[in-house]
Amino acid sequence: MTPDQWLERLSRIEKEFFSVPGGEDPGRLEQKYLGRKGELALLLRELSSFSIEDKKRLGQTGNALKNKLQENLDSRKTSRGAAASEARPALDLALSGYPYPRGSVHPVTFTANKIIDSLGKLGFSLEDGPLAEMDYYNFEALNFPPHHPARDMQDTFYLNLKDEKNMDYLLRTHTSPVQIRTMKSRKPPVRAISFGKTFRSEAVDASHSFVFHQMEGFYADKNVSMADLKWTLETFIKDLFGSGAKIRFSPSYFPFVEPGAQVEVSCVFCGRNGAAGAGQKPGGEEGKCPVCKGSGWLEMLGAGMIHSEVFKACGYDPEKVSGFAFGAGIERFAMLLFGIRDMRMLYENDLRILKQL
Ligand code: DAH
C-alpha cells in the first residue's frame with residue numbers, strides 16, 4: 001500500500017463513520033472503528049511498513065482522526081444517557097418533595113414592629129411622613145434656624161427641587177419632622193409614634209450608614225412632665241428587653257427639646273456588670289463586655305421636653321401645653337436584639353446570615 005492509498009482509506013473511514021445515524025449504538029461503533037480489530041486500529045497498524053518520515057506524517061493524521069472519532073463517540077454516549085433519563089416517567093410519586101423556602105420579615109422590620117407594638121400598648125398611634133422633606137419641617141420648625149451649628153451634624157442629600165420657601169427639598173435626616181406634621185394637623189392631647197428611613201451624608205462603617213431607620217415618639221397634653229417621659233421609656237424598654245432592664249438619663253442637647261437628655265439602657269449582654277460573659281465573642285478589652293465596653297450602659301435614645309419654639313411653630317400655646325419627645329435608631333435596637341455587631345450585616349442581604357436571625 002502506498003502512502004496515498006493509506007490516506008484514501010483513512011478518509012473513507014472518516015466519511016463512513018460520520019454518515020452513521022445518531023441512533024446507532026455507540027458501543028458497537030466504537031468496536032467497529034476503534035476496537036482492537038476495528039477498521040481504524042488496523043489501518044494505523046499498517047503504518048509499520050512505511051518509511052520513518054511517512055510514519056510520522058501519516059501517523060499524525062491518523063491519530064488526529066482517532067481522537068476525533070473518540071470525541072464523537074463520547075458525545076453520542078452522553079446524549080444517549082440523557083435521552084434514557086428523559087424517557088423516565090414524568091411524575092415519580094416516590095420522589096421526596098423539594099422543601100418550600102419560607103420567607104421571613106427583615107430584622108429591621110421585625111424590630112420596628114416590636115417597637116410599634118410596644119408603644120401602641122401605651123396608647124401611641126402610628127403616623128407617617130415623607131422621605132423627601134422640606135427644610136422647614138426637617139429643621140426650621142424644630143428650632144434649627146438657618147446657619148444653626150446643630151445642622152452640621154445632620155448633613156444630608158438635597159434634591160434639585162424647591163419647596164414653598166424656595167429652599168431645596170432634602171432627604172430627611174431624622175423622623176422628628178413627623179412631630180411637626182402631626183401637631184400641625186391635630187389638637188392636643190396627641191400621643192404618636194413614627195418610624196421610617198432617614199438619611200445622612202455619612203461614610204459607611206460598622207455603625208454608620210447613609211440610609212438608616214429611626215423611630216420617634218411624642219406626647220403633648222396639659223401637665224406632661226419629665227417623670228412621664230421617664231415612666232414611658234422605662235415601661236417601653238422593659239417590654240422590649242425584659243423586666244430586668246434599667247434606664248438612666250444624662251443631659252444632652254437637641255434644639256427641639258429643653259431640657260434634652262441622652263437615654264442609656266443597661267447593657268443587655270452583660271447585665272450591667274460590664275464583664276465579658278460566657279458565650280460572648282472576644283473583641284473587647286480582656287475581661288470587659290465587648291458591647292458596652294465595660295461601662296454596663298448603652299446609649300440608645302435621645303429625648304427631652306418639647307421646646308416652646310416648637311409648640312409655637314405648630315400653633316400650640318406653650319403656656320398651656322407641655323410634652324415630651326424621644327427618638328432612636330432602629331438598627332441599634334436590632335443589633336442588640338439579634339446580637340449583631342456590624343450594621344452592614346443588616347443590608348448585605350446575605351441570606352445565610354439573615355436566615356440565622
Ligand atoms: N432627632 C434626633 C436625632 O436624629 C433624635 C432625637 C433626640 C429625637 C431627642 C427626639 C428627641 O424626639 O427628643 O439625632
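The values are calculated or read from the model by the stated rules, or taken from the named source; none is laboratory data. If you're wondering where the values come from, they're calculated on a predicted model, not measured in any experiment. Cβ coordinates were reconstructed from backbone atoms using ideal geometry, including for glycine residues, and neighbour counts include every protein chain displayed.
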- Query: Limited to region 318-333, what total is found for residues that are acidic (D, E) and assigned to a helix (DSSP H, G or I)?
  - Reply: 1
- Item | Of all residues in region 338-357 being assigned to a helix (DSSP H, G or I), out of contact with any Pro (no Cβ under 8 Å at 6 or more places or on another chain) and touching a residue at least 12 places away in the same chain (Cβ under 8 Å), the one that is farthest from the ligand (Cβ to nearest atom) | R344
- In region 105-127, which residue that is among the hydroxyl-bearing types (S, T, Y) and within 15 Å of I330 (Cβ to Cβ) is surrounded by the most Cβ atoms within 10 Å (Cβ to Cβ)? T111
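Sort out which residues of region 296-315 are away from the ligand (no atom under 16 Å from the Cβ) and either closer than 25 Å to V108 by Cβ or outside any helix (DSSP H, G or I) (or both), and write them in order of number.
Residues satisfying the conditions are G296, W297, G315.
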- Message: Which residue is modelled with the lowest pLDDT, if the candidates are limited to region 187-242 and must be among the hydroxyl-bearing types (S, T, Y) and outside any strand (DSSP E or B)?
- Response: S207
- Query: Taking region 158-193, which residues are hydrophobic (A, V, I, L, M, F, W, C) and surrounded by 16 or more Cβ atoms within 10 Å (Cβ to Cβ)?
  - Reply: M167, L170, L171, V178, I180, M183, V190, A192, I193
- Query: Of L119, L159, which residue is assigned by TED's automatic domain parsing to the domain that holds F195 and either assigned to a loop (DSSP other than H, G, I, E, B) or within 25 Å of P188 (Cβ to Cβ) (or both)?
  - Reply: L119
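A quick yes/no check of all residues on (1) more than 13 Å from the ligand (Cβ to nearest atom); (2) hydrophobic (A, V, I, L, M, F, W, C); (3) in contact with a helix residue (DSSP H, G or I) (Cβ under 6 Å, 6 or more places away or on another chain):
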{"site": "E164", "(1), (2), (3)": "yes, no, no"}
{"site": "T175", "(1), (2), (3)": "no, no, no"}
{"site": "V204", "(1), (2), (3)": "yes, yes, no"}
{"site": "V211", "(1), (2), (3)": "yes, yes, no"}
- Note on the structure: In region 226-262, anything within 11 Å of the ligand (Cβ to nearest atom) and surrounded by fewer than 18 Cβ atoms within 10 Å (Cβ to Cβ) is listed as S252, Y253, E258, P259, Q262
- Assuming Y100 fulfils every condition listed in (1) loosely packed, with under 12 Cβ neighbours inside 10 Å; (2) under 26 Å from R181 (Cβ atoms) apart from one, which condition is it? (2)
- Message: Given the criteria within 13 Å of the ligand (Cβ to nearest atom) and over 22 Å from the mean Cα position of the chain (by Cα), does N223 qualify?
- Response: no
- Selection count where residues are part of a loop (DSSP other than H, G, I, E, B) and either within 12 Å of the ligand (Cβ to nearest atom) or under 14 Å from F254 (Cβ atoms) (or both), scope region 135-156: 5
- Query: What about D54, is it of a type outside the set (G, A, S), at pLDDT 80 or above and more than 26 Å from P26 (Cβ to Cβ)?
  - Reply: yes
- Close pairs (6 angstrom Cβ cut-off, 6 or more residues apart or separate chains): more than 29 Å from F212 (Cα to Cα) in region 300-328, surrounded by 23 or more Cβ atoms within 10 Å (Cβ to Cβ) anywhere: V321/A220
- Message: Residue under question is K184, and the condition is that it be away from the ligand (no atom under 12 Å from the Cβ), part of a helix (DSSP H, G or I) and assigned by TED's automatic domain parsing to the domain that holds P318; does it hold?
- Response: yes
